[in-house]
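Structure record follows, encoded as structure tokens.
The values are calculated or read from the model by the stated rules, or taken from the named source; none is laboratory data. Since we're looking at a predicted model, the values are computed, not measured. Glycine gets a Cβ as well: all are built from the backbone with ideal geometry, and neighbour counts include every protein chain shown.
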Amino acid sequence: MKHNAKIGALAAFSVLLIAIFLFIKVGNNWDYVLPRRGLKVLAIVITGSAIAFSTVVFQTITNNRILTPSIMGLDSLYMLIQTFVIFIFGSTNLTVANKNINFVICVGLMVLFSGVLYKVLFKREGQNIYFLLLMGLILGTLFQSLSTFMQVLIDPNEFQIVQDKMFASFNNVNTDLLLIAIIAILGIAIYFSRFIKYLDVLSLGRDQAINLGVDYDYVVKRLLIVIAIFVSISTALVGPITFLGLLVVNVAHEFLKTYQHKYLIFGSVFISIIALVGGQLIVERVFTFSTTLSVIINFIGGVYFIYLLLRERKSW
Amino acid sequence: MVEVREVSKQYGNKSVVDNVSVKIEKGKITSFIGPNGAGKSTLLSMVSRLITKDTGEILIDNEEVGQCKSNDLAKKISILKQSNHINIRLTIKELVCFGRFPYSQGNLSEEDWKHVNEAITYMELEDIQDKYLDQLSGGQRQRAYIAMVIAQNTEYILLDEPLNNLDMKHSVQIMKVLRRLVDELGKTIIIVIHDINFASCYSDYIVALKDGKVVKEGPTDEIINSSILKDIYDMDIKIENINENKICVYFS
């Protein structure tokens, strides 16, 4: 009951923030303002939920509370694709300008990359999950270096466009893409729902999970694919934002103090919405668009991360 | 009955378990003994499907472990490893509830709660059942894990060094519980154990491994014998009869 009350409070606060976001200084132009703000909120809710959810699941699989799915290198791959396309075709090319094609290419390549990575690693059985993370980390660094290499070579004006993609932004989300993303994420969420009961047991670690009858490799493989798709969709939609996950999931842990995923997932999702909508409000009203949301999130997240590390060290 | 037939396991080029065949009788405590690196834990992990075998067959009640559905096996066989580091913060009761997962899939029925409470009572943990695992002493924590295994209510219970890091009092306590589980509830228990005197006093059957091979197996009385123990451990071990127990003296 206690947990339900907390989740309820979080939900209420999210709704309140969304309402403020939608109706603040509306003036007389309701027809013009509301659909635009509505779209933004929808994008925030979708990406926020996807990121929060995949981080919860990722931390459970890895049994580690300071990891995010970005360690698998998906963010870096996204940046590499963006840089590469502009490097080769230039920013005026239609493929780059057309957001739909860009989105499909990005999601496709990111999912393909994760698929190949898993395939190679899981072919030999008994592979440690940390080996997967290590490979992801190394490849991520490689992608990053390649991107940097191309970024220094391109025209400074083109670089501006690449730089624009480096930071997550909700300010110009494409309607068509949003619809595709929502359908894809909902579909996968429904597929995933049959694995949700295993999450609590997975947090006990591999050996206990197998002992308790979880088909570990089968379940973990599918969960990792779901994570890869969620991260790919949200990154392609708004930009690299996985760092947010670390922040919200840890806040959810601190706030709810439970191991049960039915609470943790909903808690993280609502906290994520609160952080994003609140952050976006600050960006729009306090900084009047002079900065982007991900700068604020990364700043707060970074400070919190350092706090976490210091506290972990003290408890040893 | 657990039947291991010609099972081998290699890590790289090193053969850890080499062509091992043993049969483990129902309703008994079977101890795996042997020096460090003999392959005892590896064998136990293979029987409980935590790691896969390279070759050979492992049959539990005449069914091959690799072919069974994982959830069905979880109702038949349970394993407790020597190090049980859990990253999440749980109370004893929550931990024991996890033992019912193969039956409940997370939604505990009245029947499940009955088993949970019985297991807690059996391990005498009622007073501290709402304490968190990280607040407990080593002995209490080990009892909590065993309570979880009891709640899982499997016919076969596999324990990898259950006395690791416990003092004498708690070790005896745990071994007595295991004995009761076999005598009263008819469980079949397989343990990996280093203290040869605990093996001698509490087990019915002993399998001695060395360098990945079975060097000797037989009823406890047969194995606790100076010349056989010398084969296993390469040291002279005197055996004294104290209160009808065979005690090995190897300290000097």
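A few points about this structure:
- Test for residue B:105: is it among the polar types (S, T, N, Q), crowded, with 16+ Cβ neighbours inside 10 Å and without any contact (Cβ under 8 Å) to a residue 60 or more places away in the chain: no
- Residue that is within 14 Å of another protein chain (Cβ to nearest Cβ), within 15 Å of the chain's Cα centre (by Cα) and not acidic (Asp, Glu), where the choices are A:66, A:71, A:61: A:66
- The set of residues in segment B:1-34 that are in contact with a Gly (Cβ under 7 Å, 6 or more places away or on another chain) and more than 16 Å from residue B:56 (Cα to Cα) contains only B:27.
- Residue B:36 being farther than 16 Å from residue A:205 by Cα, more than 14 Å from the chain's Cα centre (by Cα) and part of a helix (DSSP H, G or I): no
- Of all residues in segment B:66-83, those that are in contact (Cβ under 8 Å) with a residue 40 or more places away in the chain, over 15 Å from residue B:151 (Cβ atoms) and either at the interface with chain A (Cβ under 9 Å from one of its Cβ atoms) or acidic (Asp, Glu) (or both) total 1.
- Residue within segment A:271-289 that is of a type in the set (Ser, Thr, Tyr), more than 28 Å from residue B:87 (Cα to Cα), in a helix (DSSP H, G or I) and away from every other protein chain (no Cβ under 14 Å) present: no
- For residue A:122, the requirement of being in contact (Cβ under 8 Å) with a residue 40 or more places away in the chain, more than 27 Å from residue A:297 (Cα to Cα) and within 14 Å of another protein chain (Cβ to nearest Cβ) is met.
- Test for residue A:55: is it more than 14 Å from chain B (Cβ to nearest Cβ), in contact (Cβ under 8 Å) with a residue 24 or more places away in the chain and within 30 Å of residue A:115 (Cα to Cα): yes
- Boolean, residue B:26 is within 12 Å of chain A (Cβ to nearest Cβ), in contact with a strand residue (DSSP E or B) (Cβ under 7 Å, 6 or more places away or on another chain) and under 27 Å from residue B:146 (Cβ atoms): no
- Residue B:107 within 14 Å of chain A (Cβ to nearest Cβ) and under 19 Å from the mean Cα position of the chain (by Cα): no
Okay, residues lined up against (1) of a type in the set (Gly, Ala, Ser); (2) at pLDDT 80 or above; (3) surrounded by 13 or more Cβ atoms within 10 Å (Cβ to Cβ); (4) part of a helix (DSSP H, G or I):
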{"position": "A:110", "(1), (2), (3), (4)": "no, yes, yes, yes"}
{"position": "A:114", "(1), (2), (3), (4)": "yes, yes, yes, yes"}
{"position": "A:126", "(1), (2), (3), (4)": "yes, no, no, no"}
{"position": "A:133", "(1), (2), (3), (4)": "no, yes, yes, yes"}
{"position": "A:137", "(1), (2), (3), (4)": "no, yes, yes, yes"}
{"position": "A:145", "(1), (2), (3), (4)": "yes, yes, no, yes"}
{"position": "A:150", "(1), (2), (3), (4)": "no, yes, yes, yes"}
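- Among residues of segment B:53-65, those that are free of Cβ contacts under 8 Å to residues at least 24 places away in the same chain, more than 22 Å from residue B:162 (Cβ to Cβ) and either surrounded by 13 or more Cβ atoms within 10 Å (Cβ to Cβ) or facing chain A (nearest Cβ under 8 Å) (or both), counted: 1
- Residue within segment A:293-307 that is outside any helix (DSSP H, G or I), more than 14 Å from every other protein chain (Cβ to nearest Cβ), farther than 25 Å from residue A:200 by Cα and not aromatic (Phe, Trp, Tyr) present: no
- Options B:132, B:122, B:156; residue that is among the hydroxyl-bearing types (Ser, Thr, Tyr) and touching a helix residue (DSSP H, G or I) at 6+ places or on another chain (Cβ under 7 Å): B:122
- Of all the residues in segment A:194-245, those that are of a type outside the set (D, E, K, R), in contact (Cβ under 8 Å) with a residue 40 or more places away in the chain and within 14 Å of chain B (Cβ to nearest Cβ) number 6.
- Flag for residue B:155 being more than 29 Å from residue B:202 (Cα to Cα) and of a type in the set (Asp, Glu): no
- Of the criteria (1) at the interface with chain A (Cβ under 10 Å from one of its Cβ atoms); (2) surrounded by fewer than 20 Cβ atoms within 10 Å (Cβ to Cβ), which one residue B:145 fails: (2)
- Residue A:266 buried (at least 21 other Cβ atoms within 10 Å of the Cβ) and either assigned to a loop (DSSP other than H, G, I, E, B) or touching a helix residue (DSSP H, G or I) at 6+ places or on another chain (Cβ under 6 Å) (or both): yes
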